[in-house]
1. Just checking, how many residues over the stretch 6-39 are exposed (fewer than 10 other Cβ atoms within 10 Å of the Cβ) and either outside the structural domain of residue 54 (by TED's automatic domain parsing) or part of a loop (DSSP other than H, G, I, E, B) (or both)?
2. Quick one: would you say residue 42 is in contact with a strand residue (DSSP E or B) (Cβ under 9 Å, 6 or more places away or on another chain) and either loosely packed, with under 15 Cβ neighbours inside 10 Å or at pLDDT 85 or above (or both)?
3. Taking the stated definitions as given, is residue 50 free of Cβ contacts under 8 Å to residues at least 24 places away in the same chain and outside the structural domain of residue 123 (by TED's automatic domain parsing)?
4. What's the number of the condition residue 93 fails, among (1) at pLDDT below 90; (2) within 19 Å of residue 1 (Cβ to Cβ)?
5. Could you check residue 90 against (1) closer than 30 Å to residue 13 by Cα; (2) not assigned by TED's automatic domain parsing to the domain that holds residue 14 and say which number it fails?
6. Looking only at the stretch 46-91, filter to residues that are outside any helix (DSSP H, G or I) and in contact with a helix residue (DSSP H, G or I) (Cβ under 9 Å, 6 or more places away or on another chain); which one of those is surrounded by the most Cβ atoms within 10 Å (Cβ to Cβ)?
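The values are calculated or read from the model by the stated rules, or taken from the named source; none is laboratory data. Since we're looking at a predicted model, the values are computed, not measured. Positions of Cβ are backbone-derived with ideal geometry, glycine not excepted, and every protein chain shown enters the neighbour counts.
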């Protein structure tokens with residue numbers, strides 16, 4: 001829940017300041033800003049993180065089910081990102097397969113963790129989905 005609140009705060013700060021992201025290394029710090037009305041893209045993220053926080057806080061069973069949707073979509077987005085960034089490179093197939101397996105391993109780890117959180121959202125008398 002603390003991470004969800006932190007994400008809400010960062011999203012609101014991003015909308016207010018216009019800072020999209022930043023990177024710091026030996027050569028200095030680079031800051032990317034939202035352009036035009038792009039800073040308002042951060043507000044739906046703040047709302048989504050706030051709703052997720054409320055769902056976890058109130059232990060709504062739908063939150064547990066939606067957690068699976070978020071996990072699956074995040075895994076699919078990661079695989080798609082790797083595919084789109086490696087398709088024009090030589091030996092892209094090997095890179096894609098290794099990255100996809102790594103992403104799936106991470107998704108299985110977090111899926112197993114999320115499955116164990118079921119009792120937080122449901123009573124022991126509820127039937128499994």
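1. 3
2. yes
3. No: the conditions fail for residue 50.
4. Residue 93 satisfies every listed condition except (2).
5. (1)
6. Applying the filter and picking the extreme gives 60.
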